[in-house]
Amino acid sequence: MAKSNSAILSVRNLQTHFYGDGAVVKAVDGVSFDLKLGETLGIVGESGSGKSVTNLSILRLIPYPPGKIVGGEVIFDNKDLMKIPENEIRRIRGKRIAMIFQDPMTSLNPFMKIGAQLMEITQLHEGLNNSQARKKAIEMLELVGIADASRRIDDYSHQFSGGMRQRVMIAMALSCKPELLIADEPTTALDVTIQAQILELIKGLKEKIGTSVILITHDLGIVAGMTDHTGVMYAGKIVEYAPTEELFSNPHHPYTKGLLKSVPDPLIEQKKLFQIPGLPPDLSNLPKGCPFSPRCSSATTQCQEFPPIRQINAEHYSACWLEN
Amino acid sequence: MLKLILRRLLGMIPILFIIITLTFFLLRFAPGNPFANEKAFPPKVIQELNKQYGLDKPLYIQYINYISELTKGNLGPSTRYAGKTVSEIIGEHLPTSLLLGLIAYGFALIVGVSIGIISSLRQNSAVDYFSMAVAMLGISVPSFVLGPLLVIVFSLTLFWLPPARWGEPKHLILPALTLSGVYIAYIARLTRSGMLEVLRADYIRTARAKGLAESVVVLRHALRGGIIPVVSFTGPALTFLLAGTIVVEKIFAVPGLGRIFIEAANSRDYFLVMGLTLFVSTVLVVMNLLVDIIIGLLDPRISYK
């Protein structure tokens with residue numbers, strides 16, 4: 001992928017492996033993408049495709065052992081985040097790149113008041129004193145739509161519902177006006193109605209604060225509604241990358257096609273829902289060549305060899321030998 | 001909270017009643033009596049002594065008498081330490097045991113928790129394996145081995161501390177060290193496993209993603225949850241340190257409660273054994289109540305209704 005000058009984040013050939021029981025799990029196996037300033041990038045894929053590990057790797061939040069970032073670059077503000085010292089990346093975490101996680105029920109500290117958890121981030125990065133930080137925390141809670149914020153700030157996380165907790169997480173993540181927000185399946189654990197609210201909230205705040213967003217999800221509907229570009233991950237690699245509209249109207253990789261086909265269309269009556277045959281491969285024992293080939297109906301002998309990612313048209317890339 | 005404390009204190013009464021009853025009858029069914037061990041008294045003297053202590057009456061009368069004296073706060077006289085009441089004896093030796101126990105446990109807490117945290121942060125590293133091996137050793141080595149070893153090193157080789165004295169602050173050091181050995185080991189292991197569980201939690205990842213320094217992540221975010229097993233352990237541990245330290249008391253000539261307890265049991269000092277059992281049971285129940293209160297303060301999700 002061509003390096004763009006307006007990219008806020010460039011990931012190049014990122015590799016994160018997990019070690020255990022004598023096996024190496026290549027959870028992220030050469031991922032590259034660019035995120036343009038102000039844009040939202042969607043990363044979709046099945047569970048275990050390496051979406052979350054990719055994004056945890058960006059901030060070097062992979063627990064070691066067993067995980068280790070073994071190669072690649074993540075360029076942010078002209079610096080390779082993989083190479084800067086620990087105290088420097090700590091100044092980026094939470095301040096310039098913030099994260100929201102999948103499960104709001106477990107992502108907040110149950111032993112600390114919500115307020116303390118919100119305040120510590122602005123105290124750390126913006127040097128606010130106690131009363132300033134408290135004021136800021138109340139402000140942020142109001143911003144994400146928590147009613148009666150000045151009272152609820154002294155509550156603990158178990159006193160909030162799942163959707164409310166995710167709002168608190170968002171408030172926390174956006175406290176320092178980060179340049180990049182990584183949302184790792186922010187709505188997976190929530191009811192559909194709450195999902196829509198949370199997504200609207202992220203969308204609205206993104207415009208208000210001017211944050212670029214990486215949105216990790218396995219929900220194609222969310223990708224369609226929220227993102228400018230989309231990368232499709234399979235077995236630790238991005239197998240297709242395109243502007244979201246292009247990806248939906250003109251998918252190239254058979255895996256992407258399969259994913260899109262498996263979304264039921266309410267207008268067409270289907271007797272049986274489509275599913276991609278087979279299971280995602282074992283990441284510690286990948287098939288030779290294209291990892292998708294055992295499940296692919298278009299596979300040929302050529303697929304015994306690994307297909308490099310190549311340009312299909314202007315902004316559309318795909319890792320498949322297929323001509324079309 | 002006040003309601004909880006009140007209710008739990010009321011709940012103590014039946015528990016203590018059962019303990020008193022069991023101890024009372026078990027003690028009486030044990031062979032021997034308070035005056036059998038002494039030089040052969042003439043039967044007349046024995047009879048007189050039994051009468052003096054109320055031991056000549058039928059057992060159930062004695063039981064009722066004991067309970068009714070107890071409700072007045074009277075633990076009865078000691079037969080072994082003639083002329084002293086059980087309350088006086090406990091009052092005399094408790095400060096010693098309390099001081100030694102608190103120092104030993106405080107020391108064990110500081111060292112054990114530190115070792116546990118370091119081990120959990122460096123899980124499966126050489127540091128972890130080494131400290132857990134030492135902890136295993138600490139649990140396995142009994143105090144009658146550790147105590148004399150410390151005496152050999154610090155008293156008989158380095159001449160830093162006296163081997164068996166009591167009275168000055170520095171005399172506390174060796175017995176406290178001996179007592180703390182096992183507790184350091186237990187606390188280190190409990191802290192390690194508690195911390196390992198918490199460090200894997202999602203909210204720790206959140207804390208790291210905020211850019212907090214590792215020390216803040218560990219001490220502010222992880223320790224509160226990770227330390228809970230140690231808090232639970234503290235209740236029974238402190239109780240044991242108060243009255244179960246006979247070995248260390250013997251080695252270092254400490255005038256503590258543990259020795260009194262054993263001697264009372266050996267000489268069938270009915271009142272003293274009863275009094276000490278009751279005292280230790282009460283301490284244990286109160287300790288467990290305190291532990292529950294502290295855990296409730298540490299973990300806001302726990303509420304007692």
Alpha carbon centroid spacing (whole Å) that separates the stretch A:199-268 from the stretch B:47-67: 88 Å
Across the residues of A:103-113, average count of Cβ atoms on other protein chains within 10 Å? 6
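Report the trypsin sites (Lys or Arg not before Pro) located in the stretch B:1-83 that are in a DSSP loop and have at most 11 other Cβ atoms inside 10 Å of their Cβ, or state none.
Numbers: sites: B:Lys3, B:Arg7, B:Arg8, B:Arg28, B:Lys39, B:Lys44, B:Lys51, B:Lys72, B:Arg80; in loops: B:Lys39, B:Lys72, B:Arg80.
Of the trypsin sites (Lys or Arg not before Pro), the ones in loops of the stretch B:1-83 whose Cβ has at most 11 other Cβ atoms within 10 Å are B:Lys39, B:Lys72.
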Extended-chain gain in nm, criterion 0.36 nm per residue less alpha-carbon gap, B:Lys170 and B:Ser193: 4.9 nm
Which whole number gives the average count of other chain Cβ atoms within 10 Å of the Cβ atoms across peptide A:89-101? 3
Which trypsin sites (Lys or Arg not before Pro) in the stretch A:266-300 sit in a loop by DSSP (not H, G, I, E or B) and have at most 15 other Cβ atoms within 10 Å of their own Cβ? A:Lys271, A:Lys272, A:Lys288
Using the Cβ atoms and a cut-off under 9 Å, what net charge is assigned to the surroundings of B:Arg208, where Lys and Arg are +1 and Asp and Glu are -1? +3
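Inverting the mean 1/r over all pairs of different Cα atoms, compute the Kirkwood radius of the protein assembly as shown and quote it in Å.
Numbers: mean 1/r = 0.0336 Å⁻¹.
Roughly 29.8 Å, rounded to one decimal.
Using a 1.4 Å probe on protein heavy atoms only, how many Å² of accessible area do A and B hide from each other, summed over both chains and rounded to 100?
Numbers: alone 15500 and 16760 Å², together 30190 Å².
Interface area, both chains combined: 2100 Å², rounded to the nearest 100.
Around B:Val291, what is the net charge, scoring Lys/Arg as +1 and Asp/Glu as -1 over all other residues with Cβ under 13 Å from its Cβ? Don't jump to the answer; show the numbers that get you there.
Values: positive: B:Arg8; negative: B:Asp292, B:Asp299.
Around B:Val291, the charge tally is -1.
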For B:Lys250, give me every one of the lysines with a C-alpha distance below 22 angstrom, ignoring sequence neighbours fewer than eight places off in its own chain. B:Lys170
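Using the Kirkwood formula on the Cα atoms of chain B, what hydrodynamic radius do you get, in angstrom to one decimal?
22.2 Å
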Taking Cα atoms, the helix B:59-71 axis meets the longest principal axis of chain B at an angle in degrees (rounded to 10) of 60 degrees
Sequence-distant lysines (8 or more away, or on other chains) whose Cα lies within less than 28 Å of A:Lys68: A:Lys3, A:Lys26, A:Lys36, A:Lys51, A:Lys79, A:Lys83, A:Lys95, A:Lys237, A:Lys288, B:Lys210
Could you state the per residue volume, in Å³, of the convex hull enclosing the Cα atoms of chain A? 150 Å³
Considering the dipole of the stretch A:80-205 built from charges on the beta carbon (Lys and Arg +1, Asp and Glu -1) around the Cα centre, which of A:Met82, A:Ala133, A:Thr188 is farthest to its positive end? A:Ala133
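Nearest-5 percent of antiparallel DSSP beta bridges in the stretch A:90-221?
10 percent
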Reachable lysines from A:Lys271, criterion Cα separation under 24 angstrom, eight or more residues apart if same chain: A:Lys257, A:Lys261
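Taking 8 Å as the Cα distance limit and 6 or more residues as the minimum spacing, I'd like the relative contact order of chain A as a percentage.
Details: 598 pairs, mean separation 65.4, N = 324.
Rounded, it is 20 percent for chain A.
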Can you give me the relative contact order of the stretch B:12-169 as a percent, contacts being Cα pairs under 8 Å and 6 or more apart? 7 percent
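Given a 1.4 Å probe, how much area per residue of the protein assembly as shown is accessible, in Å²?
On the way: 30190 Å² over 629 residues.
Result: 48 Å² of accessible area for each residue.
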At a threshold of 8 angstrom on Cα-Cα distance, excluding pairs fewer than six apart, so keeping six or more, what relative contact order does chain B reach in percent? 27 percent
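Only Lys, Arg, Asp and Glu count, each charged at its Cβ (+1, +1, -1, -1), so figure out the dipole size of chain A about its Cα centre, rounded to 20 debye.
Details: 34 positive and 35 negative charges, 119 e Å.
So the magnitude is around 580 debye.
For the stretch A:20-132, how big is the tail of P(r) above 22 Å, as a whole percent of Cα pairs?
Details: 2902 of 6328 pairs.
Percentage above 22 Å: 46.
Quantify, in whole percent, the carbon and sulfur part of the accessible surface of the stretch B:50-122 (1.4 Å probe; protein heavy atoms only). Spell out each step's value before the answer.
Working: 2530 of 3860 Å².
Ligands and nucleic acids excluded, carbon and sulfur reach 65 percent.
If each DSSP helix of 4+ residues adds -39,500 (n - 2.57) and the sum is divided by the residues in the protein assembly as shown, what number results at 222 nm, nearest 500 deg cm²/dmol? Can you show the working numbers first?
Numbers: 24 runs with 313 residues, N = 629.
That calculation yields -16000 deg cm²/dmol at 222 nm.
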Roughly speaking, to the nearest percent, how much of chain A's 1.4 Å accessible area is carbon and sulfur? 52 percent
Tally up the carbon and sulfur contribution to the accessible surface of the stretch B:201-305 as a whole percent, 1.4 Å probe, everything protein left in place. 69 percent
What share of the DSSP beta bridges in the protein assembly as shown is antiparallel, in percent to the nearest 5? 65 percent
Name the residues of the stretch B:186-205, by number, that are at least 20 Å² less accessible with every protein chain in place than in the isolated chain; the surface is that of heavy atoms, probe 1.4 Å, without ligands or nucleic acids. B:Asp202, B:Tyr203, B:Arg205
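The values are calculated or read from the model by the stated rules, or taken from the named source; none is laboratory data. This one's a predicted model, so the numbers in the text were calculated from it and none came from an experiment. Neighbour counts are summed over all protein chains in view; Cβ atoms, including those assigned to glycine, are modelled from backbone coordinates with ideal geometry. Please note that ligands, DNA and RNA were not included when accessible areas were found on the heavy atoms of the full protein model with its side chains. Shrake-Rupley method; radii C 1.70, N 1.55, O 1.52, S 1.80 Å.
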